[in-house]
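K.L.:
If you scroll down you'll find the structure; I have some questions about it.
The values are calculated or read from the model by the stated rules, or taken from the named source; none is laboratory data. These numbers come from a predicted model, not from an experiment. Cβ atoms come from the backbone with ideal geometry, glycine included; neighbour counts cover every protein chain shown. The accessibility values were calculated without ligands, DNA or RNA, using every heavy atom of the protein model including side chains. Shrake-Rupley method; radii C 1.70, N 1.55, O 1.52, S 1.80 Å.
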Amino acid sequence: MAGFTLAIVGRPNVGKSTLFNRLLEQRKAIVEDTPGVTRDRQYGISEWNGKTYNIIDTGGFVPDSMDVFEREIRKQVLIAVEEANAIVFMCDVTTGITTLDEAMTKILRQSKKPVFLVVNKVDNSNRMLDATEFYALGFEKTFFLSSISGSGTGELLDEVAALITIDAEELDASLPRFAIIGQPNVGKSSLLNALVGEERTIVSEIAGTTRDTIHTHYNLFQKEFVLIDTAGIRRKSKVHEDLEFYSVIRAIKAVDEADVCLMMIDAEKGVAQQDLNIFSLAVKKGKGIVFLVNKWDVVDKVTNTAKDYEKELKTRLAPFTDVPVLFISAKEKTRVFKVIETALDVYESRKRKISTSSLNDIMLKAIENYHPPVVRGNSVKIKYVTQIPTVVPSFAFFTNYPDDIKTPYKNYLENKLRENFDLKGVPVRIFFRKK
């Protein structure tokens, strides 16, 4: 399912981040957290009624200086309206309706997107009465809640979940889908052009694709796949081209649609925090990943430069470091076809099904060589391993004490799986089940 994105907008200090954090927490009980993946304050994945969606807190993108506040917020509302599937518009009952709220209402009323008006800090009966003033803004779906205590969030989320549908067409993605993602000006368009060339005969725009990502059907040299490009897309609204918020929403959407993400960085600038955030999001979503270090032609080379660069990069990516890193120049077309070969390898690894017999042959030996640590005097025994049928390689280890196996041992098992079954570039899920 291509991702559904919910953006929280509103003026400063109405409680956007509190609501954002609460919605992320709701998911924590259901989905295990990948250790070492930082929870970024700007976007994350949440789940309600069995439906998963992306959630963006626009508050994380607004500068602190007061004079540019109003302009920046308006800019963000425009982007959110254009890019998100639905919008939570947040106001504060303690201040009543402000001029900034009214200005935002104007923008949101012109949009065709579903808007949920959320009046925050409604935590007693007097405030409940005060909150009725917000019906004057004229939004059909209005909710009174307290994001600190969480009261009232369930009704809002029921409405959001009702909008999320699984698209039948999305389920049949027979061709591999590769997304090129990275910061603005990192060379995404150059890579696309280097791959598809000017021979437009081999490229057909897929009909019916939305304006937000350009899908290019690639069929050449016995290789066939769909490239999802987030670069160079003309937009209706007059939002600054370089706005970080904008490129982030773009990248999140592309990650959702892709099987493998081609994470592109500028060799001279290195990996930015925003790249790491998108990387950890892709890992959480179980996507295949290939790192492309672009503009390698302009870097001063000394002995081992590529090796040192890769080592340094992987330190930043830890704990998931088993990813292919390619040094390319999209402009000079250096190693661009290696990019495709590597992406197809990762795609195959992500789909790999390992037979139960070979899993047990290899993994039980590895467990024999290094037993799980004894916990509270109990010796933990793992008797059997099997692959679970999911989109991402996932493995169940059956044991007498599933809750007593700690992260270091889990990491050991993951490393052994990677050593033996070629899962480079693919996040692996490990579960312990009661034997």
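K.L.:
Determine the share of the stretch 253-296's accessible area contributed by carbon and sulfur atoms, expressed in whole percent, with a 1.4 angstrom probe.
P.N.:
Summing carbon and sulfur atoms, their accessible area is 46 percent of the total for the stretch 253-296.
K.L.:
How far is it, in nm, from the label point at Ser379 to the one at Ile97 when both lie 7 Å from their Cα along the line to the Cβ?
P.N.:
Each label point is offset 7 Å from its Cα along the Cβ direction, giving 7.3 nm.
K.L.:
Under a plain spin-label model, where a point goes 7 Å from the Cα along Cα-to-Cβ, how far apart in nm are Asn420 and Lys365?
P.N.:
Distance between label points: 0.7 nm.
K.L.:
Follow-up question, since we're still on this one. Could you work out the local net charge near Ser358, counting Lys and Arg as +1, Asp and Glu as -1, over the other residues with Cβ closer than 12 Å to its Cβ?
P.N.:
On the way: positive: Arg352, Lys353, Lys365; negative: Asp361.
Result for the neighbourhood of Ser358: +2.
K.L.:
Lysines within cross-link reach of Lys331: Cα-Cα under 21 Å, excluding same-chain residues under 8 positions apart?
P.N.:
List returned: Lys188, Lys269, Lys295, Lys301.
K.L.:
Something else: Which ³J(HN,Hα) values, rounded to whole Hz and listed in residue order, are derived for the stretch 381-392 from phi using the Karplus coefficients 6.51, -1.76 and 1.60 in 6.51 cos²θ - 1.76 cosθ + 1.60 with θ = phi - 60°, glycine and proline given as x?
P.N.:
With the stated coefficients, the stretch 381-392 comes to 10, 10, 9, 6, 10, 8, 8, 8, x, 9, 5, 9 Hz.
K.L.:
Using a 1.4 Å probe and ignoring any ligands, DNA or RNA, find the accessible area of Glu82 and quote it in Å² to the nearest 10.
P.N.:
Glu82 has an accessible surface of roughly 30 Å² with all protein chains in place.
K.L.:
Please compare each pair in Lys75/Lys287; Lys112/Lys141; Lys284/Lys416; Lys113/Lys253 to a cut-off of 23 Å on the Cα-Cα distance and tell me which ones are over it.
P.N.:
Lys75/Lys287
K.L.:
Would you mind getting the accessible area per residue of the stretch 317-435, heavy atoms of the protein chains only, 1.4 Å probe, in Å²?
P.N.:
Ligands and nucleic acids excluded, the result is 51 Å² per residue.
K.L.:
Leaving out ligands, DNA and RNA but keeping every protein chain, what accessible area does Asp130 have, in Å² rounded to the nearest 10, with a 1.4 Å probe?
P.N.:
Its accessible surface works out to 80 Å², give or take rounding.
K.L.:
Another one. Of all the accessible heavy-atom surface of the stretch 321-399, with the other protein chains kept in place and a 1.4 Å probe, what percent is carbon and sulfur?
P.N.:
Answer for the stretch 321-399 is 55 percent, counting heavy atoms of protein chains only.
K.L.:
Amide H to amide H, which residues 5 or more places from Tyr401 or on other chains are under 5 Å from it, using H placed in the peptide plane?
P.N.:
It is Lys381, by chain and number.
K.L.:
Continuing with this model, one more query. What is the diffusion coefficient of the stretch 351-435 in µm²/s, taking the Kirkwood radius over Cα pairs and the Stokes-Einstein relation at 25 °C with a viscosity of 0.890 mPa s?
P.N.:
188
K.L.:
If amide H atoms are built 1.01 Å from N in the plane of the peptide, which residues on other chains or at least 5 residues away come under 5 Å of the amide H of Phe116?
P.N.:
Ile87, Val88, Phe89
K.L.:
What is the set of long-range amide H partners of Ser394 at a cut-off below 5 Å, with H atoms built 1.01 Å from backbone N?
P.N.:
Ile388, Arg429
K.L.:
Is the stretch 284-435 rounded, prolate or oblate when judged by the Cα gyration tensor, a ≥ b ≥ c being the square roots of its eigenvalues, rounded requiring a/c under 1.5 and prolate requiring a/b larger than b/c?
P.N.:
Prolate, because a/c is 1.5 or more and a/b exceeds b/c.
K.L.:
How large is ³J(HN,Hα) for each residue in the stretch 11-19, as worked out from phi by the Karplus curve 6.51 cos²θ - 1.76 cosθ + 1.60 (θ = phi - 60°), to whole Hz, x for Gly and Pro?
P.N.:
6, x, 6, 9, x, 4, 5, 5, 5
K.L.:
For every other residue with a beta carbon closer than 15 angstrom to the beta carbon of Leu417, add +1 if it is Lys or Arg and -1 if Asp or Glu, then tell me the sum.
P.N.:
So the surrounding residues net to +4.
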